1. Determine the sum of side-chain charges near residue 148: Lys and Arg each +1, Asp and Glu each -1, restricted to other residues whose C-beta is under 13 angstrom from that of residue 148.
2. For the chain, what is the percent of antiparallel DSSP beta bridges, rounded to the nearest 5?
3. Can you give the helix-only mean residue ellipticity at 222 nm for the chain, where every DSSP H stretch with n ≥ 4 adds -39500 (n - 2.57) and the sum goes over all residues, rounded to the nearest 500 deg cm²/dmol?
4. Express the relative contact order of region 1-121 as a whole percentage, based on alpha carbon pairs under 8 Å and six or more residues apart in sequence.
5. How much net charge surrounds residue 341 when only other residues with a Cβ under 12 Å from its Cβ are counted (Lys, Arg +1; Asp, Glu -1)?
6. Dipole of the chain, Cα-centred, from +1 at each Lys and Arg C-beta and -1 at each Asp and Glu C-beta, to the nearest 20 debye?
7. Relative contact order for the chain: what percent, with Cα pairs under 8 Å and sequence separation of 6 or more?
8. Out of 234, 107, 259, whose Cα points farthest toward the positive end of the dipole of the chain (charges: +1 Lys, Arg; -1 Asp, Glu; placed on Cβ)?
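Bear in mind that the values in this text are calculations on the coordinates, not laboratory data. What you see is a predicted model, and the numbers here were worked out from it, not measured in a lab. Cβ coordinates were reconstructed from backbone atoms using ideal geometry, including for glycine residues, and neighbour counts include every protein chain displayed.
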Amino acid sequence: MALPFFSKDKNPILNRCRDDYATRMRLKYAPYYRVIDAQQGPCITAGGRDMIMLASNDYLGLSFHPRVIEAGRAAMLKWGASPTGARIANGSRAYHIELEERLAAFLGREACHVHSAGYLSCAAAVAAFARKGDVILADKNIHSSLWDGIRLSHAACERFSHNNLADLRDIAASLAPAVPKMLVVEGVYPMEGHIADLPGIIGAAREHHCFTVLDDAHGFGVLGRQGRGTLDHFGLNDDVDVLCCSLSKSLGSTGGFVAASRDLIEYLRTHSKQTIFSAALSPSQAACALAALDLMQTEPWHRERLWAGTRRYRDMLHGLGLDTWGSETPAIPIVLGSKERVYRFWQALLEKGVFTIMAIAPAVPPGRDLIRTAISAMHTDEHLDRIADAMSYAVKKL
Ligand SMILES: Cc1ncc(COP(=O)(O)O)c(C=O)c1O
């Protein structure tokens, strides 16, 4: 819907919204919120054209797995569409408890709490435990949900350079030893595809007695034994206090969770506004995530296919001379360096039937404007061939 940009009103907030430059540009170039009319796995139909989805986070390709879909359907028949309220008000359902117990057992944690969005889980994982007077040490590139958690906590925040242990050490050493500190990092940074230097970073945090929070939305399902995530990948399962995660990536559902010791999860249930005042995870969300969690453990070939596809795709991009920012995971950026180049590249891919997403400064550092792509286990060799053709075409358009 076109906004009536130039019509003035006496309401200054309304005028500010109507005159917003970023919204005007977004509507003019229309790269985001594109309408997809149909989808089967990574094959989508948009604007009457068949395309390959290369921008979702369905790493294991489980969102279309028949057992996941059947589990969601059965849960709706049994429990209805929605719990229609927060658990503190109208109760936890058996499916919440089952999913929480299964996630906690899988991750070797005592307890877990699920939310209806990963965003809520990640914001809660910070905001519930930090407070005014604390100092939070945060990697500069963490997700918006964690920044919101930091803001809501009212703690002071010190940002360290992305994945930079030396910078973290310098900042931590400059703080008064007695001040309560929290470290907030991710396991895998999805815009860059980087795996965090967790052994170094967590080690430094422990030296300074930091409470540690790790968002593993993009490591869960991808790294570690059976997809237990980045901590498991490094053998650091016992070294982080709170793990937060999304159900909307490898688990092919929507929602999120916080996993920790029992006392910390009970503290979160008492103090976290995101937990207390938001409606609970729906029956189908929970059932789909639970079925996917089973599949992660019983059907290892999804992860094997994911990594085989990732290696092939990354080699192909490097063969074309493209810069993937040193990505080590299935989240693979194509760094093009300016918004004009990104836009041309993105349009060429669209023309060839490949759906990607642009990330331009300030969403990424200046000069690192990029196309964000991610491989799924559902991408077949044929899809990857088509993607390779589209990439060669887009390179020529630069
Ligand atoms: C690193 C990270 N944390 C948290 C989230 C929020 O998860 P959700 O999309 O499930 O709300 C995302 C989603 O993009 C993410 O990338």
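1. Numbers: positive: 151, 273; negative: 215.
Once positives and negatives cancel, what remains is +1.
2. DSSP beta bridges in the chain are roughly 60 percent antiparallel.
3. Mean residue ellipticity, 222 nm, calculated: -13000 deg cm²/dmol.
4. 9 percent
5. The answer is +1.
6. That gives a dipole near 1320 debye.
7. 21 percent
8. Among 234, 107, 259, the one farthest towards the positive end of the dipole of the chain is 259.
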